Structures are given as structure tokens and as C-alpha cells.
Amino acid sequence: MSQIVSLAKEQIVNSITSAAKKAFGENELAPFSVETPSNREHGDYAANAALIWAKSLKKSPRDIAGEIVNNINFENTYIERCEIAGPGFINLFLSDKYYGDILLDIEEKGENYGRSDYGKGKRVVVEFVSANPTGPMHIGNARGGALGDCLSAVLDAAGYAVEREFYINDAGNQIEKFGLSLDLRYRELYEDNIEMPEDSYHGEDIIAHAKAFAEIHGDKYINKPESERRAALVDFALPKNIEGLKTDLKKYRIEYDTWFKESSLHQSGETKKIIELLVKSGHTYESEGALWFKATDFDCEDFVLVRANGVPTYVVPDIAYHYNKLEVRKFDRAIDILGADHHGYVPRLKAALTALNVDASRLDAVLMQMVRLVKDGEVIKASKRSGKAITLVTLLDEVPIDAARFFFNLREPNSHFDFDLDLAVSESSNNPVYYVQYAYARICSIIRNLESQGVELSRPTDEELSLLKEKEERELILYLSALTDEIIQSAKTYDSARITHYAVELATKFHKFYAVCRVKDIDKPLQNARAALCKDVATVLKNILTMLKITAPEKM
């Protein structure tokens, strides 16, 4: 919560506690809560102290509340008055200065308003997208990219030291299949009757790579050993695919701190070391020539680590990778953004990490559900432009990047999401990102118009800010004060949708305020105060949009 909100709550606790000591002596009293009532007309805050203390003080809650109210002192606090409600709640009402200081706090902090030290600088690595480098990114990667990048920004604002990471699967079965597919397409250029297996990669990108390779090397590799030919093709094509991933993601406004290669785990011997450590842990056994991990020791189903042919399964480098993050690079926490189909995969990782004496609670996974693209009210599976499956690139050709990033953060990750392509390009209040951007642009226009009319806007005084008494003004100010806590809650729950919802609701509250409260052609003191409120709303909207890497246009 913001410093002003935090201070007000602290003052309430101290005032009630001091009043109780005056009334009942130095009794040791249990902690009580200070909450926001659902109906703010009954008070800005409600304390349940009297109900909590009834048993220890051997008095009725209303009698206790009465004594507290008679002895309470609000001098030098943000509290104006209090009253007893219901069975003994103490309802408290905030002073004009509270509301004014919130606005001054926003003005003072500017682009840093909303940030906090909640995370205490703990190091967090967020791994997301990590698309297979053997082909283009699909629509699920588009959602994962927006979720991961925005969650990273939220964690940063909440005071964590965040690093974004892409895990490159440049080893294993998919690379073998990649090499096979490239090899067949390359041979196809010089030989007849080449058939592509059904489970190989059939994309146009594979054909393009094979042709580009042939343009450089001709048929030089046709008579080379198959393993050498495939290795050369992979060495040629894979770096191009990885660079393509980097380019596409940069277009999507995502830049990583680290691109971590799976192959580095094999080259450094970390994969082999993990197998040795798991065997040493006593949680493995052999069956039919294969090495198994006894995951039933950790309430999971046993799984194979090393096949009978001596080749490790895909899960071994994954265990090594997470061990590297938590124990080698010493991150306090690792967060993976994964598809919902990984729900059984995460417990396996945690079981293995536990066997390795790693605190598995330091690994968290955000599982995201599928995305459906909707156009003209119907679900589509192909791009209208290309006639092929929609990838991240083709999606960004069809909708603005602002809309894509905002839309993919409109729902909790674990909820299915219909991405409405028509809505994403519409310029109407029904389009949530347009609605938020329009609110920001509207405020910029209001301020420009005032200044063009020669109105001098200055830092408002306490007296001017005390004029902001309308219901819509107070609600707007209180909502502005909630940003810091909203960011912290978003970081706690790994749900950046809280921030997009906050932005939409803030825009709504601003429009309601502006419909009722004139800013132009009114008395100067009130005008200066309302203009300051408008500017603070703009500051908060811009801070949110900047956090989400979405543009904040001053004109629309």
C-alpha cells in the first residue's frame, strides 16, 4: 500500500491502542484488524478491536467501543472522527488532508509512484515462452510472452530483482527431428522419391533453410555421412531460427537478460552430474535396463531418467536446468510460465529437486490455458492473410502490439481466453486498451486546453486540495491510493491481469468524475485542485501502461 495509506492505518492502530490503555490500563491486548468497509458512507475504515478484546476484558464489545471512543485522540493524524457501529465496530472517517496528501504523494513520486520494496531485492528469474527453436512461435507463445514479460515488470515494481530468461531447447529429440527434416528437404533438391515422415517438420521454413544451405554448399554434402550432413544443416539453420525468435520477440517488446542453451548443460557436465546426484540420493532404481527416479517417495508417479540404451530422457536436462537456476546461480525464486499441459510435469521437477536437497517451494509454475482466436463471432484457426496457422508474427500483423499485450493480460493465466480480433482493432470504449489510452489522452488534452487559455497550473495547496469533496473525486483519489497494494497483490499471486483490470477501472472512475466535475471555467482554487487530480490520474495511467510496455498516447 502507499505510504499515506500505510501511515493512516498505523495511526488508527496506535490511536485505538492508546485509548484502550487509558480506559482499561496496561492490559496485554490481542492484535486487531483495520479493514475498508464495503460501503464507504459508513466510514473509510472499520476496526474490530472491541470485538477481539471482549473476552479478555470481560465486557461487551459495544461497552469497550464506547470507552475507546471516549478516550481516543486523533491529533496529528489523518483521522477526523469515529463512531460505533453494529455489535461494536469502530468506524473511522478520514480528514481532507488524507486525500490531499495522496495527490501530493503521486505528484512527488511521479514515474516511481506504485513501486515498493515489498520484494526486498530478492532475486527472481522468470522463464517464459522458451519456444521450440525448430519453428515459428505459435499463438500460445504470444500469450506466454505477454504474461511473462508483464509479470516480470510487476515483480520489478514490487521490489524484486528480476531477470527474464529464455530456455533454448537446442538438444534432444526435437533437434534430431529438425536435422532429419532439413536433411530430407536438402536431399529432395538432388534426389527423387524422398518421402517426409508424418512426424517430421513440414513447414515452409524447413524448405527455405534447405534451399539456402544448398545455395551456399551445392551438393557438397549429399555424399557425406548422414550424421555429418545433418549436423551441418542444424548448425546452419538453428542459429537463424534463434535469431528469428529474438527478432520476433523484440518486435513484441520483449527482451531477455539471458538466453540459456540446453546444450550448455550437456557440455558442462551438469546433466551427467544430476544423474549421479539423484543416484547418490537413494531415490533411484533400475528396471529392465533403465534408470528410474522413485518419485513415489514424494507423492508422484515414478519416471525414467535414463533409457535402457543409455540416453537420458528429456526430464534430466530440465532438472539440471532448474538446479542450475536455484543452486548454481543462486536465484531466490524461479518462476516458469508453462502451458496447462505441464500440470503433471511440475510435480516431477519439484520431487527431483527435493531429492537433491533443494527447497522445491522456491520453484513456482504459472500454468496458462489455451487461446482461441475469434473473428466475426467465430473461432478461427488460420490467418485471413496467409491462410496458415496464426503465429506470433502473423498475429502482430493483424492487431496492434498494444492490444496484443493488453488483451493477453486481461484474464488470469489459468483461464481460457478468446482473443477477439475485431475488438482488438476497434477504436471504441468496448476495446479495453483503447479505453485506457483514451482516458490518458483525454487528460493530456484537458491540461493542454487549460494552458492554451492562459490558465496557470501550480502545485496545489492543502486549502485547494481540501475543496475536493465530491463523491466522484474522493472515490477517484482512494482508487489512486490503491495502486501500490494492487501491484504487490499482483506480484504475490503471479496475476498481472489485476493490473489491466485496475487500469480499466481507473479509466472508468476518471470518466465518471469528469462527467460530474467541471475542470474549466470554475473558481481558480478548485480548478487548480481538479487539474492536479487529473494530472495524477494521468501519471498513474502512464505508469501502468509503461510497466506493461504499452504506449501512452497524448493525442488520439
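The values are calculated or read from the model by the stated rules, or taken from the named source; none is laboratory data. Because the structure is a prediction, the values reported are computed rather than measured. Reconstructed Cβ throughout: ideal geometry from the backbone, glycine too, with neighbour counts over all protein chains shown. Ligands, DNA and RNA are excluded from the accessible area calculation, which covers all protein heavy atoms including side chains. Shrake-Rupley method; radii C 1.70, N 1.55, O 1.52, S 1.80 Å.
Residues of the stretch 90-123 with amide nitrogen under 20 Å from the 7 Å Cα-to-Cβ point of THR258?
Label zone hits: 120-123.
Can you give the direction-averaged projected area of the convex hull of the alpha-carbon atoms in the chain, in nm²? Walk me through the numbers before you get to the answer.
Numbers: hull surface 136.9 nm².
Projected area, direction-averaged: 34.2 nm².
Show me the GluC sites (Glu not before Pro) within the stretch 284-330 that DSSP assigns to loop and that have at most 15 other Cβ atoms within 10 Å of their Cβ. Each step should come with its number before you reach the end.
On the way: sites: GLU286, GLU288, GLU301, GLU327; in loops: GLU288, GLU301.
Those satisfying the criteria are GLU288, GLU301.
Which order do you get for VAL279, VAL346 if you rank them by accessible area with a 1.4 Å probe, largest at the top? Intermediate results must be reported in sequence, preceding the final value.
Values: VAL279 70, VAL346 20 Å².
If we order VAL279, VAL346 from most to least accessible, we get VAL279, VAL346.
Trypsin sites (Lys or Arg not before Pro) within the stretch 430-472: which are DSSP loop residues with at most 13 other Cβ atoms inside 10 Å? Mind dumping the intermediate values first?
Values: sites: ARG442, ARG448, LYS469, LYS471; in loops: LYS469.
Passing both the DSSP loop test and the Cβ count: LYS469.
How many angstrom lie between the C-alpha centres of the stretch 4-36 and the stretch 448-524?
30
List every residue whose amide H lies under 5 Å from the amide H of LYS261, counting only residues 5 or more places away in sequence or on a different chain, with H placed 1.01 Å from N in the peptide plane.
The list, which skips near neighbours in sequence, is ILE168.
Express the carbon and sulfur contribution to the solvent-accessible surface of the chain as a percent, rounded to the nearest whole number, probe 1.4 angstrom. Can you show the working numbers first?
Working: 12280 of 26210 Å².
Carbon and sulfur atoms account for 47 percent of the accessible area of the chain.
Can you give me the C-alpha center-to-center distance between the stretch 42-80 and the stretch 251-278, rounded to a whole angstrom?
58
Tell me, what does the Kirkwood hydrodynamic radius of the stretch 71-129 come to in angstroms if you use every pair of distinct C-alpha atoms? Mind dumping the intermediate values first?
Working: mean 1/r = 0.0645 Å⁻¹.
One decimal place: 15.5 Å for the Kirkwood radius.
Suppose R0 equals 35 Å; then what is the FRET efficiency for TRP292 and ASP205 from their Cβ-Cβ distance, rounded to the nearest 0.05? Please report the intermediate quantities before stating the final value.
Numbers: r = 38 Å, r/R0 = 1.07.
After rounding to 0.05, the efficiency reads 0.40.
According to the Cα gyration tensor, what semi-axes, each the square root of 5 times an eigenvalue, does the equivalent ellipsoid of the stretch 137-275 have, listed from largest to smallest in whole Å? All intermediate terms of the calculation are to be shown ahead of the outcome.
Details: eigenvalues 239, 68, 32 Å².
Output for the stretch 137-275: semi-axes of 35, 18, 13 Å.
Could you give the length gained by full extension between LYS469 and ILE222, i.e. 0.36 nm per residue of separation minus their alpha carbon distance, to one decimal place?
On the way: separation 247, 0.36 × 247 = 88.92 nm, distance 8.19 nm.
Taking 0.36 nm per residue and subtracting the Cα distance, the gain is 80.7 nm.
Quick one: accessible area per residue over the stretch 422-494, 1.4 Å probe, rounded to a whole number of Å²?
Values: 3410 Å² over 73 residues.
Ligands and nucleic acids excluded, the figure is 47 Å² per residue.
Under a 5 Å amide H to amide H cut-off, with H placed in plane at 1.01 Å, what residues pair with PHE303 once short-range neighbours are removed?
For PHE303, whose amide H was placed from the backbone, the distant partners under 5 Å are PHE293, ALA295.
Please give the length that would be gained between GLU41 and VAL304 if that part of the chain were fully extended, namely 0.36 nm times their separation in residues minus their C-alpha to C-alpha distance (nm, one decimal). Provide the component values of the computation, followed by the final result.
Working: separation 263, 0.36 × 263 = 94.68 nm, distance 6.23 nm.
Length difference between fully extended and current span is 88.4 nm.
Can you tell me what percent of all Cα-Cα pairs in the stretch 265-371 are more than 21 Å apart?
The proportion of pairs with Cα distances above 21 Å equals 33 percent.
Please list, ordered by chain and number, the residues whose modelled amide H lies under 5 Å from the amide H of PHE419; skip anything fewer than 5 residues away on the same chain.
Amide H neighbours of PHE419, under 5 Å, 5+ apart: ARG372, LEU373, VAL374.
Step through the residues of the stretch 272-282 one at a time and calculate ³J(HN,Hα) from phi using the Karplus curve (6.51 cos²θ - 1.76 cosθ + 1.60, θ = phi - 60°), rounding each to whole Hz and writing x for Gly and Pro.
Per-residue couplings from phi come out as 4, 5, 4, 4, 5, 5, 5, 5, 5, 5, x Hz.
Between ALA340 and SER6, what is the FRET efficiency for a Förster distance of 30 Å, r being their Cβ-Cβ separation, to the nearest 0.05?
On the way: r = 37 Å, r/R0 = 1.25.
For R0 = 30 Å, the calculated efficiency reads 0.20.
Can you pull out the trypsin sites (Lys or Arg not before Pro) in the stretch 190-273 whose DSSP state is coil and whose Cβ has at most 12 other Cβ atoms within 10 Å? Walk me through the numbers before you get to the answer.
Details: sites: LYS211, LYS220, ARG229, ARG230, LYS240, LYS246, LYS250, LYS251, ARG253, LYS261, LYS272, LYS273; in loops: LYS220, ARG253.
Passing sites in the stretch 190-273 are LYS220.
Assuming 0.36 nm per residue, please report the length gained on full extension of the stretch LYS122 to LEU29 beyond their Cα-Cα distance. Intermediate values should be presented prior to the final figure.
Values: separation 93, 0.36 × 93 = 33.48 nm, distance 3.42 nm.
The span from LYS122 to LEU29 would gain 30.1 nm if fully extended.
Under the Karplus relation 6.51 cos²θ - 1.76 cosθ + 1.60, θ = phi - 60°, what is the ordered set of whole-Hz ³J(HN,Hα) values for the stretch 168-173, x standing for Gly and Pro?
Rounded to whole hertz, the list is 8, 7, 9, 8, x, 4.
Could you please report the charge total around TYR323, scoring K, R as +1 and D, E as -1 over all other residues with beta-carbon less than 13 angstrom from its beta-carbon?
Working: positive: LYS272, LYS273, LYS325, ARG329, LYS330, LYS350, ARG362; negative: GLU270, GLU276, ASP318, GLU327, ASP359.
In short, +2.
When only Cα pairs under 8 Å and 6 or more residues apart are kept, what is the percent relative contact order across the chain?
Values: 840 pairs, mean separation 89.6, N = 556.
Relative contact order of the chain: 16 percent.
Let me check something: with ligands and nucleic acids excluded, how do ILE194, ILE52 order by accessible area (1.4 Å probe), largest to smallest?
Numbers: ILE194 30, ILE52 75 Å².
Order by accessible area, largest first: ILE52, ILE194.
Using Cα-Cα distances under 8 Å and only pairs 6 or more residues apart, what relative contact order does the stretch 439-556 have, in percent? Can you show the working numbers first?
Numbers: 91 pairs, mean separation 56.5, N = 118.
Computed value for the stretch 439-556: 48 percent relative contact order.
Quickly estimate the mean residue ellipticity at 222 nm for the chain, helices only: each DSSP H run with n ≥ 4 gives -39500 (n - 2.57), and the total goes over all residues, rounded to 500. Present the calculation step by step, with values, prior to reporting the outcome.
Details: 21 runs with 279 residues, N = 556.
Only helices count here, giving -16000 deg cm²/dmol.
If I model a spin label as a point 7 Å beyond the Cα along the Cα-Cβ vector, how far apart are those points for ILE380 and ASN193 in nm?
So the two model labels end up 4.3 nm from each other.
Sort MET137, MET370, MET196, MET556 by heavy-atom solvent-accessible area, probe 1.4 angstrom, most to least. Numbers along the way, then the final one.
Details: MET137 5, MET370 135, MET196 35, MET556 110 Å².
Largest to smallest exposure gives the sequence MET370, MET556, MET196, MET137.
Which FRET efficiency, nearest 0.05, do ILE401 and ASP332 yield, Cβ-Cβ r, R0 41 Å?
Numbers: r = 32 Å, r/R0 = 0.77.
The calculated FRET efficiency here is 0.80.
Hey, what did the stretch 3-94 get for relative contact order, percent, Cα under 8 Å, at least 6 apart?
Details: 140 pairs, mean separation 28.8, N = 92.
Worked out over the stretch 3-94, it gives 31 percent.
What does DSSP give for the chain in terms of the percent of beta bridges that are antiparallel, rounded to the nearest 5?
Working: 23 of 46 bridges.
Antiparallel: roughly 50 percent of the beta bridges in the chain.
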